[in-house]
1. Would you tally the residues in the stretch 765-816 being open to solvent by less than 20 Å² (accessible area, probe 1.4 Å) and assigned to a loop (DSSP other than H, G, I, E, B)?
2. Please name all residue pairs, on different chains or six or more residues apart, with Cβ atoms under 6 Å, provided the first residue is in the stretch 811-834 and is farther than 17 Å from Lys768 by Cβ and the second residue is at pLDDT below 85 and among the small types (Gly, Ala, Ser).
3. Does the stretch 870-885 hold any residues that are closer than 14 Å to Leu925 by Cβ, aliphatic (A, V, I, L, M) and touching a Leu at 6+ places or on another chain (Cβ under 6 Å), and which are they?
4. Which condition from (1) of a type outside the set (Val, Ile, Thr); (2) open to solvent by less than 20 Å² (accessible area, probe 1.4 Å); (3) more than 32 Å from the chain's Cα centre (by Cα) is the one that Glu313 breaks?
5. When you check Thr286 against the structure, is it in contact (Cβ under 8 Å) with a residue 60 or more places away in the chain and assigned to a strand (DSSP E or B), yes or no?
6. Identify, from the list Tyr333, Tyr297, the residue that is part of a strand (DSSP E or B) and either in contact with a helix residue (DSSP H, G or I) (Cβ under 6 Å, 6 or more places away or on another chain) or aromatic (Phe, Trp, Tyr) (or both).
7. Please work out which residue is surrounded by the fewest Cβ atoms within 10 Å (Cβ to Cβ), limiting yourself to the stretch 398-416 and to residues that are hydrophobic (A, V, I, L, M, F, W, C) and farther than 30 Å from Gln85 by Cβ.
8. Which residues, counting only those in the stretch 377-397, are free of Cβ contacts under 8 Å to residues at least 60 places away in the same chain and open to solvent by 20 Å² or more (accessible area, probe 1.4 Å)?
Amino acid sequence: MMSESWDYIYSGLLRFSERLAQFLRHISCVNTFMNYARSLLVYALPYGRNMDEIPQKHHLTQVENEQVEVKKPKFTPFADLSEDQLMSIFGEGPPFRFELCNVFLTYDKIPRDLKLFGTIQAAVDHFSPDPLLQNVSFNVFNREFSNPIHVSTGGFHHQYDLCYCSLPVSSTSVVQIAAKLYVTTDKVDDMEIFPEDYDNKPAARLIEVDDSVKLEHEALMAMFAEYENEYYENLEELGCNLEATCTLQTTGDKEYFNNEAFEVCDAHALINIPEKPNGGSGKNITTGKDGSIELCYVALKYAVDADLEIEFEPTSSGTKVSGRVRAYYGKGYDYDPPAYDYYVMLFKTEGPNFFKRGKLNLMRSALAVPAKFSLIIEAELYDYTTAGQILSGTYEFPVPRDGGSFTGSIKNKDCSLNLKVNWKLPFEKLKISPSSNSSGSRLTERRKIGTHSTSTMVDPDERNRWSLQEEIAKVFNTSLERTFNPRKAVSCSISTCTKEDGGDYLCSSVMHIWPEIKESHKYKGPKHAGVVLKDMIMGSDYRDMMERCVVCGPGFVKFKLCTKWIAKSIHKMLTDGIDSWAPKVSVKKSVVYFLSQNITEEMHMGHFRSTLIGEALARMLEYSGVVVLRKRIHDEDHLDIEGKSSYDLYISETLDLLRGKGLTIVSEGDGAVFIEGRKLPLVYLTTLRHALDVEKADSIVHVTDVGKRDYIEMCITAAKRVGLITDDHSKYPLSHVGFGHVQGDDFERFQTFNTKVVSLVNLLDEAKSRCKVLLAGQAGMADEWTTEDLEYAAEALGYGAVKYADLKNNRLTDYTFSFDQMLNEKENTAVYLHYTHHQVCSIIRSSSKDIKELTVEELILMSDDERELGLHFLRFTEVLGEACTILAPHILCEYVYELCEKFNGLHSSVWQVVGSNENTGKLLLCEASEVVMRKCFDLLGIAPICKI
C-alpha cells in the first residue's frame, strides 16, 4: 500500500510542478519556479534521495563516465548557402512551415477525476478556388469519448498526444486553430436507464491513502508558504487541488452518479506568423468557458523533413526507468523565452516502467527542421529504484544537403540510445502511384462531348425524394427543440460510428448546448440531459426508426437504426426508383469548361483527364437536378461560343471593361491582361463574363491541371476589380477543378509534343486489345461470344479500365499509368467491379421470381453483414452530395468499390439465392445492389457489362 501510494503521489507532484511552472510563467517568475520545482522534487522522491541526484529538468547535467558520441558530418550543411541558393533549391512556394510544438491546458474548475476528449484542428486561412482545397484542416489532436485521456487533477495538463502537422505558410499567412475540448468526470458508458433511476444511485466509496502521505502533503504546503508569502493565496488554491490526489475514488459496476462536463475550449484562434527573417516561435492563449488552452508553435524557414528512430540499449535487464527524450533546434534558433516550452517531446514515461532492448514507441517520429539550423536530440533517463541518473546528454544532427540516413548515439556505462535520422530533401522527386485503398471509378462509354452539349434532369418529386441524412436530422432537430427549448435554433451534430462502436451514428448536440441548459438546474449533468433526450426520441413517433438508443460518454446519444426500417427504406427506393435518392445541391445552373486540343495538336493526357473528370462531375450535377452546360476551351486561347464573330465581340467587350477600370492590357495580339504583375489570358475572364451574363449560371467550373490554379485566382481578382463578382468568398461562382499529372512506369510525365510522344489512341487500343484476349481466354466462354458482343465488351472493359484508373485517385495527385495494375481482376480496378456486377446480374437472372411482385415484408436482413450492406445503400445520397460539393469523383468511386467489397463478402457458398424459398430477401438485396451499382456506373460514365 505504501509503495503504491508513493507512486501515485510522485506522479501527481510531478504534474503539479508543471502546473506551477505554467502559473509562474504567466507572472514572469521563472527563477522562483526553479526553486519551487527543485524543492518539490525533494518531497516527490522516496526517502534517502540526495539533492544532487535530483534531475535538473531544463539544464543538462553530465554524468560521470558518460560518453556522448559525436560524429563530424562528412557533408556540407545548408547553413553555408546564401539566401538566393536556398530559394533556388526550395522553389518559389511558401518559404515557412508552421508546426505546433506543445499544448498546455488549464482548468478553472477541478473535479476529482478527469477525462479529456475532443479535437484540435489546424488550417491555413487562405482562399482556394478549388473546393477540394478549401477548409482543408489537419487533426492535431483527436480523442473520441470512447477513448479519452486521463488527466491530472491539479488543473493543468501538458498534452503530448499530438499528431504531426506541418503547414506551408508565408510571412503574411494566418493559421486557424479550432479547438473543441472537454473534460468530464464520467465513468459510465452506454446508459439505458431512465431519468428517475438517478435518484436510486448508490453512494460513492472513498478510500483514503496512507497517513504518511498526508503528512508529506502538509509539509509540502508549509514549505511553499515559507518561500513566497505574496503568492500564498494562489498556492493555497493549488494545494486544495493537490489534496484531491490524496484521495482515491472507486465505483461499483452499476453505479450511476451525477456527472459534469467542463468546456475547456470551444473557439477559433487566429495566429499570425512571427515577423522574423529566419522564422521563430510564438504562443497563443485561447480562453474557454471553464478553462484555457495555450498553443506553443514555431515557424521554420526552408524546412527539411526528418524521420526519427530511437533504439534503447541497456547493459542490464530489469531496470525500472523513468525519463524523457526531447528534440529542439540548435545553432541559435530564435526561440522566445523560455525555450523549453517549444521543445518537442519525443518520448516520456508517465511513471516508472521496465525498459527492454528495442525501438522506443515515439510520440512523434516525424519532424521538420529549418535547413540553416540543426536538430538536437536530448535525453534524460533515471533508475527509479535508486534515483540515480543513468543517461543524460544531447546529440546534434546538422541538416545535410544530400539527404540520406545518419546515425548517432547518446551513451553511458549503464545504457545508450541509438539515434537514426532519415532526411527527406525538398527536391527529391515525388513518386505517386495509386494507393491500394483509393477507390476507383467505373467503365465509361466512349462518348464525344459536343461544343454545346446540354442536358438537364428534372428535380425528383419532393414527395418521393428521400435522404437518410435528412431523416436523422429531422428526428434530432425536433427532439432537441421539444426537450430543451433552447434560446437559439439547434442544428443537430451527427457523426458516423465505426462497426466496433456498436452503433450507426452519434449525436453530440447535448454537449454543445450543455453550457446553456445547465443554467436551468433541471439536469444533474450532461449524461442526465442525454438520457432525457433519448427518452423523448424512444417515446415519440420516431421509435420505429431506432433499434437501440443509448447515452454514452459524458452525454452523447449513440443510436442504431432498426433493421426493419433499413429494409423498408431500401424497398421504398426499389419502388420509387433510384432517382428518389438524388441529393439536394444549392446550384441551379452550372457551366463546365473542359480543355480541348488545338486543330494541329494531338490530344494529350491533360485533355484526357480534363474530359474524364469534367464529364463525371457534369453527370453527378445533372443527377442532382442541376442544369449543366458543357463547353471547351482551346488551351488558353479560344472559347467555343456561337461563332467566331461572337467570340471576337466578347473579347472586345472584355477589353473595354478592363480599360474602363484602369487595368493594363499586355497588347491587342497577346490577348492578356496584367493582374498584380502577372499575365492573365483573357479567355478566362471572357468565359466568366459569358457564363454570368449570357448563360445566367450560378456555378462556373474550370477543369484544368493544377498549374492553372494561379490563372483562376487572378481571374477572380480581376472579376472583383471590374465588379463581376463580390468580395464574399462564399459567393464566388468560379471554381477550379485541378488535377495532377499522369506518369509512366519510369515516373516520367506522359508527353505528346516532344520525341517521347504517347498517343492516347494507341493507349486505348492497347487496353481494348488486352481485354479482348482476357475475355476470349476465359474457361468455357470462347464459344459463347459473338463477334459483336466480344468487340463491345472488350471496348467497354478496356476503355473503362483506363478511365477508372484515373478517376479512382484523388484528382490532385499524380498517378502511374500501368496496364498490369488497371487490369487486375482481384484489386480495386474496373475489371473487379465488372466481375462483381456480373455476379449480381447472374443471380437475378437465375431466379424464377418476379422481383417487382416481391413485397417489403419479404426483404429481411438476416445477418449483420446483410444489414451492413443495406445501411451502405442508404448512405448513397450523403456520399454523392459530398462528391458534388467538393467536386471530387473519387469519393463516389470509393463508395461503389466498398459496395462491391461488401457484396462479395456475402456472396459465398453459404449465401445462396437460387432455389431457396427463405432467401427471397437476398434476391431483393441483389436487385438493390444492381440498381445502385448501375447508377454509380452511369454517374462515372461507365458502361456496365452484363456478360463477362
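The values are calculated or read from the model by the stated rules, or taken from the named source; none is laboratory data. Model, not experiment: these values are computed from the prediction. Every residue, glycine as well, gets a Cβ built from its backbone with ideal geometry; the counts of neighbours run over all protein chains shown. Just so you know, the surface numbers come from the protein's heavy atoms only, side chains and all, with ligands and any DNA or RNA stripped out. Shrake-Rupley method; radii C 1.70, N 1.55, O 1.52, S 1.80 Å.
1. 2
2. Listed pairs, sorted by first residue: Thr816/Ser433; Asn828/Ser439; Asn828/Gly440.
3. To start, the set of residues in the stretch 870-885 that are closer than 14 Å to Leu925 by Cβ comprises 870-874.
Those still in the list that are aliphatic (A, V, I, L, M) too: 871, 874.
Across the stretch 870-885, the qualifying residue is only Leu874.
4. Only one criterion is unmet by Glu313, namely (2).
5. Numbers: in contact (Cβ under 8 Å) with a residue 60 or more places away in the chain: yes; assigned to a strand (DSSP E or B): yes.
Spelling it out, Thr286 is indeed in contact (Cβ under 8 Å) with a residue 60 or more places away in the chain and assigned to a strand (DSSP E or B).
6. Numbers: Tyr333 fails: part of a strand (DSSP E or B).
Sole residue among the options that is part of a strand (DSSP E or B) and either in contact with a helix residue (DSSP H, G or I) (Cβ under 6 Å, 6 or more places away or on another chain) or aromatic (Phe, Trp, Tyr) (or both): Tyr297.
7. Taking the stretch 398-416 and keeping what is hydrophobic (A, V, I, L, M, F, W, C), we get 399, 406, 410, 415.
Those still in the list that are farther than 30 Å from Gln85 by Cβ too: 410, 415.
Numbers: Ile410: 25, Cys415: 21.
By that ranking, first place goes to Cys415.
8. Thr386 - this is the single residue of the stretch 377-397 that is free of Cβ contacts under 8 Å to residues at least 60 places away in the same chain and open to solvent by 20 Å² or more (accessible area, probe 1.4 Å).
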